[in-house]
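Q: This is the structure I want to talk about, given as C-alpha cells.
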Amino acid sequence: MKRRTLLLSGGVGALSAAAFSMRGAAVAAVDRGFNRFALDPEAPTPDAEDRDLHQALFLADLHADCLKWDRDLLDWSDYGHADVPRLYAGNTALQVFAMVTQSPVNLPWRSCLSAQDPNHAAWLAAIQGRPVRSTRGRAFYQMDLFWDAVHRSRLSDGPELVPVLNASELLALIEARGRGESVMGGMLALEGGHWIGQYDPSPGVVAAEIRRLYDRGLRIFAPGHRFDNPLCGSSEGCERYGLSPAGRIALEVAEDHGMIIDLAHASEATIKDAAGLLKKPFVVSHSGVRAVCEGICRPDRNLSDDSLRAVLDSGGVVGVGYWGHAVGEGVANIPRVMEHIMDMADSRGLQPDRHVALGSDFDGSVATQIAADELNVLTATMRRAGFARDTIAQITGRNVCRLFARGLPGGSDAMADQTEAVLRDRFA
Ligand SMILES: [Zn+2]
C-alpha cells in the first residue's frame, strides 16, 4: 500500500513537473512573440571610434519592462530584449525597471482603450503563476522580483545590480562605474497606479499608498498607462481627461517624497495639468514625437508638440524609444526624433541637448530596433547623424543623472552640479 502511494505520488510529481515545464515553454513562446527584434539591416556597424566613445559613456535608460516576464533578471536569456548581463554588456550603467500591471488588448474595431478591455497583463500573470486578480498585487510582486535580484547579484559571478534610492546613491554608482567596478544601477518605476484612489480617492488613502510604494523602493511614478484610470487620462484612453483630484494628490505626494514623475502615456490634458502642478522637472520616459513619425507610428502614443513644449518648459527630459511605433522604421529615425526635440528646445531659448534621453522600452511588448548588448549601434547612429561627442554624452546619460540628482531624495541643484562634474571628469 505504501509503495503504491509512493509510486502514485511519484507519478503526480512527474506530471506536475511536466506541466511546469510545459507552462515554462508556453511562457517563453509568448515572451518571444511579444518582445521581438526588428533589428535594422541598414544600421551602421560600429567602428573603433564608435566603440571607444560608447565605452567611455555613462549610459542611463529611462524605461524597460523586464520585470513583467518570467526570466531571471540575472541570467543572459536568448530571447526577450534585456536582462542585467545583456544591459551590462551594452555598457548600460543605470536602468529603470518599470512595472506594468494592466494592459488592455487593442481591439481592432475600437479607436481607444479602456479598463474594461481584455487585460493582457492579467492573462500573462495567470500563465506565469503571478497574482491574477489584483493590479496592486502584480506591482508588489514585481518589486519583490527586483529586490530578490539585487540581493542575489551580490553573491553571483555577474555584475552587481545596485539599487539607486537617493541622490547620493546615484553619485556613488557613478563613482563606482568610474573606478571600473562591475556594477549596474537599477531603479524601480510604476507604469500606471490604476488601483490608487479606485475605491477610496480621499487624500489620506491616496497619500498612504504612495508612501507604501516609496517604502518599497519606488522612485519613478507614472500615474497612468494606456487607458484612462482613476488618477488621470491616457493618450490612448477613450475620454483622455486630465488629472483627477486623486491624481493631483498622488503626484504632489510622490514629488514631495523625491519620486521622479513620469508622464509617458499621459493624455495631453494630463500633461498640461501636471505641468501646472509640479515643482520639479519631470520626464516622459519612453516615447516618440508625433511631428516626426511616419509610416508605422502610432500618433496617439507619441508626444504632440504642445505636450513636448510642456516637458521642455519644466526643464524635463524625453526618453526616445527604439521601436518602430515610436520613431518609425529604421534606427536613423532615432536621431531625427532627438533633433526635433533639440530644435524645439532651441526655439524656446533652452540649451538644446539637455532635454533628450534614452527610453528603450525593452521588453515592453514592442519590436525593438536595437539590442541591449549592442547599444554601441545607437552611438554609431548618433555619430553618423552628426551629433557631437558632448551631445551624445548629454543624451545617453548626463541629462537623466542631472534630473535625478535634483529630484531624488537628498537631491538639490548643488547635487545636480556635483553629479554632472563627476560625470564630465570620469566619462565622455
Ligand atoms: Zn509604456
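Q: Somewhere in the stretch 184-199, is a residue over 17 Å from Gln102 (Cβ atoms) and more than 18 Å from the chain's Cα centre (by Cα)?
A: The answer is no, given that none of the residues of the stretch 184-199 is over 17 Å from Gln102 (Cβ atoms) and more than 18 Å from the chain's Cα centre (by Cα).
Q: Is it the case, given these coordinates, that Ala38 is farther than 24 Å from Leu188 by Cα, touching a residue at least 12 places away in the same chain (Cβ under 8 Å) and small (Gly, Ala, Ser)?
A: yes
Q: Looking at the stretch 291-310 only, could you name the residues that are of a type outside the set (S, T, N, Q), within 16 Å of the ligand (Cβ to nearest atom) and at pLDDT 95 or above?
A: Leu303, the sole residue that qualifies.
Q: Residue check, Gly319 against (1) touching a strand residue (DSSP E or B) at 6+ places or on another chain (Cβ under 8 Å); (2) surrounded by fewer than 24 Cβ atoms within 10 Å (Cβ to Cβ), all met but one. Which one?
A: It is condition (2) that Gly319 fails.
Q: Residues in the stretch 41-48: is at least one more than 16 Å from the ligand (Cβ to nearest atom), part of a helix (DSSP H, G or I) and modelled with pLDDT of 95 or more?
A: The answer is yes, given that some residue of the stretch 41-48 is more than 16 Å from the ligand (Cβ to nearest atom), part of a helix (DSSP H, G or I) and modelled with pLDDT of 95 or more.
Q: Follow-up question, since we're still on this one. Determine which single condition Ala367 fails, assuming it passes every other condition in (1) surrounded by fewer than 18 Cβ atoms within 10 Å (Cβ to Cβ); (2) modelled with pLDDT under 95; (3) farther than 20 Å from Pro41 by Cα; (4) touching a strand residue (DSSP E or B) at 6+ places or on another chain (Cβ under 9 Å).
A: (3)
Q: Another one. Criterion first (touching a Pro at 6+ places or on another chain (Cβ under 6 Å), hydrophobic (A, V, I, L, M, F, W, C) and buried (at least 23 other Cβ atoms within 10 Å of the Cβ)) does Leu231 satisfy it?
A: When the stated conditions are applied, Leu231 passes them.
Q: Those residues that are under 14 Å from Trp69 (Cβ atoms), among the small types (Gly, Ala, Ser) and surrounded by fewer than 19 Cβ atoms within 10 Å (Cβ to Cβ), I need them from the stretch 127-161; list them, please.
A: Gly129
Q: Within 16 Å of the ligand (Cβ to nearest atom), modelled with pLDDT of 95 or more, assigned to a loop (DSSP other than H, G, I, E, B) and within 17 Å of the chain's Cα centre (by Cα) - does that describe any residue in the stretch 281-288?
A: The answer is yes, given that some residue of the stretch 281-288 is within 16 Å of the ligand (Cβ to nearest atom), modelled with pLDDT of 95 or more, assigned to a loop (DSSP other than H, G, I, E, B) and within 17 Å of the chain's Cα centre (by Cα).
Q: Let me ask you something else. Going by the structure shown, is Val283 surrounded by 24 or more Cβ atoms within 10 Å (Cβ to Cβ), touching a residue at least 60 places away in the same chain (Cβ under 8 Å) and closer than 20 Å to Ser235 by Cα?
A: In short, yes.
Q: Would you check if Ala291 is over 17 Å from the mean Cα position of the chain (by Cα), surrounded by fewer than 22 Cβ atoms within 10 Å (Cβ to Cβ) and of a type in the set (A, V, I, L, M, F, W, C)?
A: Judged against the criteria, Ala291 is a match.
Q: Is it the case that some residue within the stretch 391-408 is over 18 Å from the mean Cα position of the chain (by Cα) and loosely packed, with under 15 Cβ neighbours inside 10 Å?
A: Checking the stretch 391-408: not a single residue is over 18 Å from the mean Cα position of the chain (by Cα) and loosely packed, with under 15 Cβ neighbours inside 10 Å.
Q: May I pose another question? Which of the residues spanning the stretch 348-364 are surrounded by fewer than 23 Cβ atoms within 10 Å (Cβ to Cβ) and within 21 Å of Ala332 (Cβ to Cβ)?
A: Result: Pro352, Asp353.
Q: Can you tell me which residue in the stretch 370-390 is surrounded by the most Cβ atoms within 10 Å (Cβ to Cβ), limited to those that are charged (D, E, K, R) and more than 21 Å from the chain's Cα centre (by Cα)?
A: My answer is Arg383.
Q: Related question: Could you tell me which numbered condition Ala274 fails, if it satisfies all but one of (1) surrounded by 20 or more Cβ atoms within 10 Å (Cβ to Cβ); (2) away from the ligand (no atom under 16 Å from the Cβ); (3) touching a residue at least 60 places away in the same chain (Cβ under 8 Å)?
A: Ala274 satisfies every listed condition except (3).
Q: Also: When the residues of the stretch 107-130 are narrowed to those that are of a type in the set (S, T, N, Q) and more than 30 Å from Leu375 (Cα to Cα), which ends up nearest to the ligand (Cβ to nearest atom)?
A: Asn119
Q: Mind checking which residues of the stretch 81-96 are away from the ligand (no atom under 16 Å from the Cβ) and of a type outside the set (D, E, K, R)?
A: Matches in the stretch 81-96: Val84, Pro85, Leu87, Tyr88, Ala89, Gly90, Asn91, Thr92, Ala93, Leu94.
Q: Which one is surrounded by the fewest Cβ atoms within 10 Å (Cβ to Cβ) among residues in the stretch 245-271 that are more than 18 Å from Ala357 (Cβ to Cβ) and touching a Cys at 6+ places or on another chain (Cβ under 8 Å)?
A: Ser267
Q: Please go through the stretch 104-127 and pick out each residue that is over 19 Å from His194 (Cβ atoms) and assigned to a helix (DSSP H, G or I).
A: Of everything in the stretch 104-127, just one residue is over 19 Å from His194 (Cβ atoms) and assigned to a helix (DSSP H, G or I), namely Ile127.
Q: Right, next: List the number of the failed condition for Glu374; all other conditions in (1) more than 20 Å from Ile341 (Cβ to Cβ); (2) within 16 Å of the ligand (Cβ to nearest atom) hold.
A: So the condition that Glu374 fails would be (2).
Q: Select, from Gly330, Gly349, the only residue that is farther than 20 Å from Gly295 by Cβ, more than 16 Å from the ligand (Cβ to nearest atom) and either hydroxyl-bearing (Ser, Thr, Tyr) or not in a helix (DSSP H, G or I) (or both).
A: Gly349 is the lone residue from the list that is farther than 20 Å from Gly295 by Cβ, more than 16 Å from the ligand (Cβ to nearest atom) and either hydroxyl-bearing (Ser, Thr, Tyr) or not in a helix (DSSP H, G or I) (or both).
Q: Moving to a separate point now. Please indicate, with yes or no, whether at least one residue in the stretch 54-75 is part of a loop (DSSP other than H, G, I, E, B) and within 16 Å of the ligand (Cβ to nearest atom).
A: Yes.
The values are calculated or read from the model by the stated rules, or taken from the named source; none is laboratory data. Since the structure is predicted, the reported quantities are computational estimates derived from the model, not experimental observations. With ideal geometry, Cβ positions are generated from the backbone for all residues, glycine too; neighbour counts draw on all protein chains shown.
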